[in-house]
1. Can you tell me which residue is modelled with the highest pLDDT among those in the stretch 1-60 that are more than 18 Å from the chain's Cα centre (by Cα) and small (Gly, Ala, Ser)?
2. Restrict the check to the stretch 249-267 and report whether at least one residue is modelled with pLDDT under 95 and either more than 23 Å from Arg284 (Cβ to Cβ) or assigned to a helix (DSSP H, G or I) (or both).
3. Can we say Thr255 is assigned by TED's automatic domain parsing to the domain that holds Phe176, more than 16 Å from Ser173 (Cα to Cα), out of contact with any Cys (no Cβ under 9 Å at 6 or more places or on another chain) and hydroxyl-bearing (Ser, Thr, Tyr)?
4. Could you tell me whether the stretch 166-178 includes any residue that is modelled with pLDDT under 90 and either among the charged types (D, E, K, R) or farther than 15 Å from Val279 by Cα (or both)?
5. Out of the residues in the stretch 1-39 that are acidic (Asp, Glu) and out of contact with any strand residue (DSSP E or B) (no Cβ under 6 Å at 6 or more places or on another chain), which is surrounded by the fewest Cβ atoms within 10 Å (Cβ to Cβ)?
6. Just checking, does the stretch 156-167 include any residue being among the basic types (Lys, Arg) and out of contact with any helix residue (DSSP H, G or I) (no Cβ under 7 Å at 6 or more places or on another chain)?
7. Being over 17 Å from Val187 (Cα atoms), over 18 Å from the mean Cα position of the chain (by Cα) and buried (at least 16 other Cβ atoms within 10 Å of the Cβ) is the filter here; which residues of the stretch 222-254 pass it?
8. Would the stretch 100-118 turn up any residue that is touching a strand residue (DSSP E or B) at 6+ places or on another chain (Cβ under 9 Å) and of a type outside the set (Lys, Arg)?
Amino acid sequence: MELIILTGMSGAGKSQAEAFFEDNGFFCIDNLPPQFLPELVSMFSKGEGELAGIDKLAFVVDIRSRDLLRGLGQALKKIDEEISIPYRIVFLEASDEVLVSRYRQTRRKHPLTDEMSLTDAIAAERKMLQNVRGRATNVIDTTLMPISSLKKALKQLLEDDGKMSGMSIFVESFGFMYGIPIDCDNVLDVRFLPNPYWVEELKMLSGKDEKIAEYLEQFQETKDCEQMLADMFKFAIPYYTREGKSRLHIGIGCTGGRHRSVYIAERLGEKLDEFGYRVVVHHRDIFRDPRYVKEG
């Protein structure tokens, strides 16, 4: 049985993610009070009567359950000890600025705004979800992610069932000029590599374009960087796993997050995939390129 617990910040894209899971054959239950989770999982796992044949489940759990959310830890413990069905906790988040903008655009109401302002509600929600986020097997930041990219990340998540258990890896490129991602476990600076931005015909391309790859690969330092990063994480990841870490967020930054960091993130993601790990590669700032904004 495939079991996904979908959670995260209000306005971060849980509705779109739930729709994606439904389109991919999951039976979804929205706004589930956590204390009912073990009982429902047990019922579906037995597959009796009308529940027969349902082997893909996705439960949406978030702060709409308010005080009941505190029971999630105990519910997960019960699933681990009494039902022994593996599951993934997928946590969606976005920056405060983007969440405020989305609420203003949609004119929807945040679950906590009866008690406080929108900005205070978002801050309070982050605090309430802090422990849940810490247990997540997959964290997806939708700050600058169009729906198409969110679907791609979720699709890759579902396709990674054959990969090594115990560790999921999120490789994210970014531009230092827009700030460092707040939750990186490792931040790598590749601004020492030659910058394609200063080559006129390459300026509006991205690190996913072949011409950028050809430009960067002519330099020995690029090849050395790729190999050293692959060797470092091949060495380190088993020890992260030994220490109980289930998710690793690697941030790779250059100046604008369009060329060098994107290229290196793609290459590192390919290497980690070859090593057998579950890998999602996301380019946070590539969409700041007007061309990609239009296409996205």
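1. First, pick out the residues of the stretch 1-60 that are more than 18 Å from the chain's Cα centre (by Cα): 1-2, 22-57.
Adding the requirement that they be small (Gly, Ala, Ser) leaves 25, 42, 45, 47, 49, 52-53.
On the way: Gly25: 92, Ser42: 88, Ser45: 84, Gly47: 74, Gly49: 62, Ala52: 67, Gly53: 74.
Applying the filter and picking the extreme gives Gly25.
2. No - not one qualifying residue is present in the stretch 249-267.
3. On the way: assigned by TED's automatic domain parsing to the domain that holds Phe176: yes; more than 16 Å from Ser173 (Cα to Cα): no; out of contact with any Cys (no Cβ under 9 Å at 6 or more places or on another chain): yes; hydroxyl-bearing (Ser, Thr, Tyr): yes.
Answer is no for this residue.
4. So the first thing to find is which residues in the stretch 166-178 are modelled with pLDDT under 90, and the list is 166-170.
If we keep only those that are either among the charged types (D, E, K, R) or farther than 15 Å from Val279 by Cα (or both) too, we end up with none.
Within the stretch 166-178, not a single residue is modelled with pLDDT under 90 and either among the charged types (D, E, K, R) or farther than 15 Å from Val279 by Cα (or both).
5. First, pick out the residues of the stretch 1-39 that are acidic (Asp, Glu): 2, 18, 22-23, 30, 39.
Narrowing further to those that are out of contact with any strand residue (DSSP E or B) (no Cβ under 6 Å at 6 or more places or on another chain): 23, 39.
Details: Asp23: 9, Glu39: 12.
The qualifying residue surrounded by the fewest Cβ atoms within 10 Å (Cβ to Cβ) is Asp23.
6. Looking only at the stretch 156-167, we keep the residues that are among the basic types (Lys, Arg), and these are 163.
Adding the requirement that they be out of contact with any helix residue (DSSP H, G or I) (no Cβ under 7 Å at 6 or more places or on another chain) leaves 163.
Among the residues of the stretch 156-167, at least one is among the basic types (Lys, Arg) and out of contact with any helix residue (DSSP H, G or I) (no Cβ under 7 Å at 6 or more places or on another chain), which makes the answer yes.
7. Of everything in the stretch 222-254, those that are over 17 Å from Val187 (Cα atoms), over 18 Å from the mean Cα position of the chain (by Cα) and buried (at least 16 other Cβ atoms within 10 Å of the Cβ) turn out to be Thr222, Thr241.
8. Step one: filter the stretch 100-118 for residues touching a strand residue (DSSP E or B) at 6+ places or on another chain (Cβ under 9 Å), giving none.
Checking the stretch 100-118: not a single residue is touching a strand residue (DSSP E or B) at 6+ places or on another chain (Cβ under 9 Å) and of a type outside the set (Lys, Arg).
The values are calculated or read from the model by the stated rules, or taken from the named source; none is laboratory data. Quick caveat: nothing in here was measured; it's all calculated off a predicted structure. Glycine gets a Cβ as well: all are built from the backbone with ideal geometry, and neighbour counts include every protein chain shown.
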